[in-house]
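Visitor: Please see the structure below; I have some questions.
The values are calculated or read from the model by the stated rules, or taken from the named source; none is laboratory data. Values in this document were obtained by computation on a predicted structure and should not be read as measured data. Counting neighbours? That spans all protein chains shown, and the Cβs are built from the backbone with ideal geometry, glycine included.
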């Protein structure tokens, strides 16, 4: 079925390609053929360049220069030659009936891709003073991911990207230069000039031209109020003057679990159960003969759907002339979930359409255009968040003695205990749900040039979303403890409209080609409105998901309905000056004034300034001309950015609420029910902006013309967090939001790139980056200096295990330290734990008061990595290419709490086989007990739960072959590349869970992460694909 499904989705694309071939071939005309020859040399020294590629544009005809740089190629008399070589600028030369064409190629310093995209424009990398990084569309597409953000992982220094779930369509946690707030720490996304909310998961990666990350305050300050956490600028592909180009990118593959947990089999499980009962004073459950005859069930085979399908097919057409350009594309992405797709309960489907056009209405004076993207997304998935909304955890705790199905094919009941649920039944009954989203993002713009150097641009953009959700709970009766006697359905819908109107006036001037000025003034107005409604109905006419709608709910008295509306407004004025003296001395100044509806009149407006400077030392006369350092620029910046994004709208006001505030007046037949209202939040008219202040020092260098080096040191302090205050319960309302804390992030970033050709047919490139960040809370505005974490995160009854505290990193793990295992009674007697027995954990009496209690709790782990790094390599030989993309982190820890200790019969991983049994048998894993023990070995939060979560992952590996370079039978195509690829191929880690990359921690506290209670792992994927251009 999966193969038929993949073929059926590819068929329309193949038909479209064949139709296009026949249509385009009819336009070919016969031209006079020439034999063109010449020599390709370097403009630096006049030496011939061996191995340079000479290609006839819009054909598959190409050749390479010989050892002396000479070439010969046949081409039409009016054709265009394209000459390229790594380390030199690509050139286009019209033949114009010439038979001898010699080319002197200009060297290109490998740094610095010539242009960087900045807010409201672009500039040459050579004169940029900002800390930015660029990821090309090619590098994004090479990863073969559904999500642009996922593909960025490991490709930009200073950017930490962590999976929040391996489920298709799940988001990523993105932090640029550390976590800067206890609230929303996500960066600002800008797509083709439109500020978008709710992420960029709607984008097809094949439409991306480039992604620029603005990291320091100087780069991001032009976006002011929303830029405290950095900015990610996405540029989609645009049409160009020239021949129409059609490209097809398609792949299909399957997924499998990358790492299974090593759980106990039935024999091991029975031995551990017997031993735990004996240690707790009970009789064993199984005899040796019974153990030998026990059945064994592997619950992970039921959990994971190895072979789940994944596919993507995209068609892109680009082209244009001097007057107008167009780029348009259509794509489909489909992925089955590794968990739940067995029952059609986990599937992600996305159809996207995009079109970008420009038209020059008045030549050199007026240009208009638009950028538009549409996405239709349909998804369903299993619950995988936290302790109580998690379909995975029960599989990892199920006894291997139980079965999934009985002899009649029905869900089996447990032979262990009456309160044990069948995980397969629970997965099925509790995951009938469906999300549908239609999203429209785009803008229309007009650009007018007048006087000599003045450009006015106006742009109106929209971000429109129309979504619906439906879930269903059927009637079932598996056991006395696992049943649902009344069916129910929940439906909700949300409609949001965001618009952005921006106007800029830009003046560019040059005095004697030495003093270069670029002045920008602008205004911006943004509005977001969201309306939602939800309802629940019970006792449905039909007990199936297909008919689960509110109209089929028969119990009208139990229906519940809710609705809400959110509004947000932002008004801004901004200006920027870019200046350089002879491309040598560089200066940038930016100022933005923002007014937000999130604040009252006392602090509605705020200013966000930034300045930066740079020095191209290689432009100085004293710089050695023949040095191995070809380019060297040092730069420094300072600036401030803001943040007004937090969960509650109008938090500065005291709001009124009527929910659950009904009152009865009168008695008997005169009794009347009235709806009451009361304040539900205290006001704070002095609430103000969260401000990030950052200093950056760095340099960019190019060495030997093919090696680049980028370094940055930054110090960023985010002040005046937006948090809820601690107030006494007698206040009778929700606490107000206050400006309650500061955090500092400081670190270094290093990026290296190298590319070269060797021999006649080989080319090689490698890019690496590494970042180190230190996160430290400076202030929390309460008497304790602490924001407490939630309780019950690993099991019911667990006290606080993570927190935000002055002097510590955000979200650090908080608990008792351990110092081995008590080996005998003498050691117990010498300790301070009166309830301990040999084999129990020895907790550290940190304050030396002779007892173990909450005063001994301290930092036992940090989910924030010390280092993040990535290494990407590409190698090509003639028609063949190979690439590998990697990513890693180190210095961080996860809390792993997979076992439900509330039930003594929960299964263990095989790590328990190394437990303490007799003196000297183990000094790290305590004895097993049947239920809790008096010492609290596992009921107290301690470093027993903390594990090293550093890892190095081969994120993507691809091997391809362009058949147009192998055979002349594909002359019609400029590229016909077949490839095989694998994602998440290997992960090297000491972590004992299924996946060390855990960006999730707690749904109630966004700063919490690294908590594994049954995490949805990222799958390993194998794919076969096709890239076709013509």
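Visitor: Would you mind finding the one in 608, 599 that is crowded, with 16+ Cβ neighbours inside 10 Å, touching a residue at least 40 places away in the same chain (Cβ under 8 Å) and not in a strand (DSSP E or B)?
Guide: The unique qualifying residue is 599.
Visitor: Follow-up question, since we're still on this one. Taking the residues in region 973-991 that are at pLDDT 95 or above and assigned to a loop (DSSP other than H, G, I, E, B) as candidates, determine which candidate is surrounded by the most Cβ atoms within 10 Å (Cβ to Cβ).
Guide: 991
Visitor: What is the one condition in (1) crowded, with 24+ Cβ neighbours inside 10 Å; (2) at pLDDT below 95 that residue 255 does not satisfy?
Guide: Failed condition: (2).
Visitor: Test residue 956 against the criterion of being under 30 Å from residue 247 (Cβ atoms), modelled with pLDDT of 95 or more and touching a helix residue (DSSP H, G or I) at 6+ places or on another chain (Cβ under 9 Å), and give yes or no.
Guide: Answer is yes for this residue.
Visitor: Count, please, the residues in region 815-857 that happen to be part of a loop (DSSP other than H, G, I, E, B) and on the phi < 0 side of the Ramachandran plot.
Guide: 22
Residue-wise test of (1) touching a strand residue (DSSP E or B) at 6+ places or on another chain (Cβ under 7 Å); (2) at pLDDT 95 or above.
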position	(1), (2)
220	yes, no
229	yes, no
251	yes, yes
276	no, yes
318	yes, no
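Visitor: Residues being under 30 Å from residue 398 (Cβ atoms) and surrounded by 18 or more Cβ atoms within 10 Å (Cβ to Cβ): count how many of those fall in region 435-472. Reasoning before the result, please.
Guide: So in region 435-472, the residues under 30 Å from residue 398 (Cβ atoms) come out as 435, 469-472.
Imposing the further condition that a residue be surrounded by 18 or more Cβ atoms within 10 Å (Cβ to Cβ) reduces the set to 470-472.
Number satisfying all stated conditions: 3.
Visitor: Has region 619-628 got at least one residue that is outside any strand (DSSP E or B), under 22 Å from residue 119 (Cβ atoms) and either in contact with a helix residue (DSSP H, G or I) (Cβ under 7 Å, 6 or more places away or on another chain) or not assigned by TED's automatic domain parsing to the domain that holds residue 225 (or both)?
Guide: no
Visitor: Looking at this structure, is residue 843 over 35 Å from the mean Cα position of the chain (by Cα) and crowded, with 20+ Cβ neighbours inside 10 Å?
Guide: Spelling it out, residue 843 is indeed over 35 Å from the mean Cα position of the chain (by Cα) and crowded, with 20+ Cβ neighbours inside 10 Å.
Visitor: A further question on this structure: Which one of these is part of a strand (DSSP E or B), closer than 30 Å to residue 471 by Cα and in contact with a strand residue (DSSP E or B) (Cβ under 6 Å, 6 or more places away or on another chain): 327, 309?
Guide: 309
Visitor: Considering only region 594-605, how many residues are under 30 Å from the mean Cα position of the chain (by Cα) and farther than 19 Å from residue 528 by Cα?
Guide: 0
Visitor: I've got another one for you. Yes or no: residue 776 surrounded by fewer than 17 Cβ atoms within 10 Å (Cβ to Cβ), part of a loop (DSSP other than H, G, I, E, B) and not assigned by TED's automatic domain parsing to the domain that holds residue 132?
Guide: Answer is no for this residue.
Visitor: Further, regarding this structure: If we keep just the residues of region 782-799 that are in a loop (DSSP other than H, G, I, E, B) and free of Cβ contacts under 8 Å to residues at least 60 places away in the same chain, which is surrounded by the most Cβ atoms within 10 Å (Cβ to Cβ)?
Guide: Restricting to residues being in a loop (DSSP other than H, G, I, E, B) and free of Cβ contacts under 8 Å to residues at least 60 places away in the same chain, the top hit is 785.
Visitor: I would also like to ask the following. Within region 823-831, does at least one residue satisfy the condition of being under 39 Å from the mean Cα position of the chain (by Cα) and either without any contact (Cβ under 8 Å) to a residue 24 or more places away in the chain or surrounded by fewer than 21 Cβ atoms within 10 Å (Cβ to Cβ) (or both)?
Guide: Checked against the condition, which is being under 39 Å from the mean Cα position of the chain (by Cα) and either without any contact (Cβ under 8 Å) to a residue 24 or more places away in the chain or surrounded by fewer than 21 Cβ atoms within 10 Å (Cβ to Cβ) (or both), region 823-831 yields no hits at all.
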